[in-house]
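Take a look at the structure below.
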Amino acid sequence: MAAEVLEALRPRPGGRYADGTLGGAGHAASILAASSPTGWLFGCDRDGAAVKAAEKRLAEKFAGRFEIRRGNFSEIAKWMEVGSCNGVLLDLGVSSPQLDSPGRGFSFQQDGPLDMRMDDRQPQTAADLVNGTNAEELAKIFWEFGGERESRRFAKAIARDREQKKFGTTRQLAELIERISPRAGRKAHPATKIFQALRIAVNDEIGSLKRGLAAAVEILKPGGRLAVITFHSLEDRVVKEFGRERARDYTFSGEVDVPELRQPRVPELKWVTRKAIAPGEIELKENPRSRSAQLRVLEKM
Ligand SMILES: C[S@@+](CC[C@H](N)C(=O)[O-])C[C@H]1O[C@@H](n2cnc3c(N)ncnc32)[C@H](O)[C@@H]1O
């Protein structure tokens, strides 16, 4: 989505940008290149390894034009001046280095500790959640964050198995799911949604996103743009609802939007494109992981 992100944020010399999800700094580098020679970027990531890699990459070409901090983008308004930014990018989800390192425990395709923390300073791991949450709560996590139809069945099976042996590895969990729900020619591994749900819960991804969107709008200047890349429908729904709420030209009192109870107001944001932008064919070929990516762009009024 590199070209689409640049089109959305329109980086220019002298502009100030923020990347809340630095990862390997691919997008950050292209924003800095496009805003040469005087554009400036603040970047953050919860992942210490990503922060180190990004720092190294950006220092090679853009020394003096960026600042990096390790932390959750939900706190970005504490680190950047309110109303100071021309563009903010949130490229959500996990990075390839996170998914591809068995030691991080994000993937059911490789064996590793059942960890899944983006920020390893945080105490709670996926194993803690799987071993210490009651079956009802686990089922709720699988359903709400994974849309897993068999959430109750899986949660009960986990609660039964862990009485014999606590879950410690990704393989142990993936094998249990496969045992009770054999793959039987299905394209996706039966543990896909369970792993997604656990990852979202361990990292409080939805809570961080809701707080992060509000913080991103705070640091934007009028006319500044917020670009968000989501990877599943749950994230996309949060972005859509946030945008819809802030782009409405009225508020309403009470729980339900009834025309008689509407109060006019100046909207805070407007949608730059009505529909989400999907990756093009070339990108899909080069990077199959981008297949579920969707970009939404909002502009501060
Ligand atoms: C899809 S990758 C970003 C890739 C990056 N845009 C690039 O060009 O290489 C997502 C990154 O966001 C980070 N991340 C996810 N949620 C975060 C949050 N709430 N706060 C800070 N970083 C977060 C992850 O640790 C991961 O490194």
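The values are calculated or read from the model by the stated rules, or taken from the named source; none is laboratory data. Keep in mind that what you see is a predicted model, and the values were worked out from it rather than measured. Here the Cβ is made from the backbone with ideal geometry for all residues, glycine too, and neighbour counts use every protein chain on show.
Numbers at a glance
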| item | result |
| --- | --- |
| Failed condition for Ser36, given (1) within 12 Å of the ligand (Cβ to nearest atom); (2) hydroxyl-bearing (Ser, Thr, Tyr); (3) without any contact (Cβ under 8 Å) to a residue 40 or more places away in the chain | (1) |
| Residue match in region 116-138 (condition: within 30 Å of Glu67 (Cα to Cα) and in contact with a His (Cβ under 7 Å, 6 or more places away or on another chain)) | no |
| Region 1-21 - residue that is small (Gly, Ala, Ser) and within 14 Å of the ligand (Cβ to nearest atom) and, of those, surrounded by the fewest Cβ atoms within 10 Å (Cβ to Cβ) | Ala3 |
| Subset tally (residues that are modelled with pLDDT of 90 or more and not in a helix (DSSP H, G or I)) for region 239-255 | 4 |
| Residue among Ala59, Ala8, Ala34 that alone is aliphatic (A, V, I, L, M) and in contact with a helix residue (DSSP H, G or I) (Cβ under 8 Å, 6 or more places away or on another chain) | Ala34 |
| Filter result for Gly64 (surrounded by fewer than 16 Cβ atoms within 10 Å (Cβ to Cβ), farther than 19 Å from Gly224 by Cα, over 18 Å from the mean Cα position of the chain (by Cα) and of a type outside the set (Ser, Thr, Tyr)) | yes |
| Qualifying position, being touching a residue at least 12 places away in the same chain (Cβ under 8 Å), surrounded by fewer than 12 Cβ atoms within 10 Å (Cβ to Cβ) and among the acidic types (Asp, Glu), among Asp249, Asp236 | Asp249 |
| Residue that is nearest to Gln172 (Cα to Cα) [pool: residues in region 187-212 that are within 10 Å of the ligand (Cβ to nearest atom) and not in a helix (DSSP H, G or I)] | Asn203 |
| Among (1) within 16 Å of the ligand (Cβ to nearest atom); (2) modelled with pLDDT of 95 or more; (3) under 15 Å from Ile200 (Cβ atoms); (4) assigned to a loop (DSSP other than H, G, I, E, B), the one test that Arg121 misses | (3) |
| Test set (1) more than 12 Å from the ligand (Cβ to nearest atom); (2) surrounded by fewer than 16 Cβ atoms within 10 Å (Cβ to Cβ) - Lys52 fails condition number | (1) |
| Checklist (1) outside any loop (DSSP other than H, G, I, E, B); (2) under 18 Å from the mean Cα position of the chain (by Cα) applied to Ala3, failing item | (2) |
| Condition met for Ala29 (within 12 Å of the ligand (Cβ to nearest atom) and farther than 30 Å from Thr170 by Cα) | yes |
| Residue satisfying all of: in region 85-106; touching a strand residue (DSSP E or B) at 6+ places or on another chain (Cβ under 6 Å) and on the phi < 0 side of the Ramachandran plot; farthest from the ligand (Cβ to nearest atom) among these | Asn86 |
| For Gly24: the one exception among (1) over 24 Å from Met116 (Cα atoms); (2) under 16 Å from the mean Cα position of the chain (by Cα); (3) surrounded by fewer than 18 Cβ atoms within 10 Å (Cβ to Cβ) | (1) |
| Out of Gly224, Gly243, sole residue that is touching a Phe, Trp or Tyr at 6+ places or on another chain (Cβ under 8 Å) and surrounded by 18 or more Cβ atoms within 10 Å (Cβ to Cβ) | Gly243 |
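For (1) within 19 Å of the chain's Cα centre (by Cα); (2) over 24 Å from Asp47 (Cα atoms); (3) without any contact (Cβ under 8 Å) to a residue 12 or more places away in the chain, each residue gets a yes or a no:
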{"site": "Pro123", "(1), (2), (3)": "no, no, yes"}
{"site": "Ala127", "(1), (2), (3)": "no, no, no"}
{"site": "Glu136", "(1), (2), (3)": "no, yes, no"}
{"site": "Lys140", "(1), (2), (3)": "no, yes, yes"}
{"site": "Ser151", "(1), (2), (3)": "no, yes, no"}
{"site": "Lys187", "(1), (2), (3)": "no, yes, yes"}
{"site": "Ala191", "(1), (2), (3)": "no, yes, no"}
{"site": "Ala197", "(1), (2), (3)": "yes, no, no"}
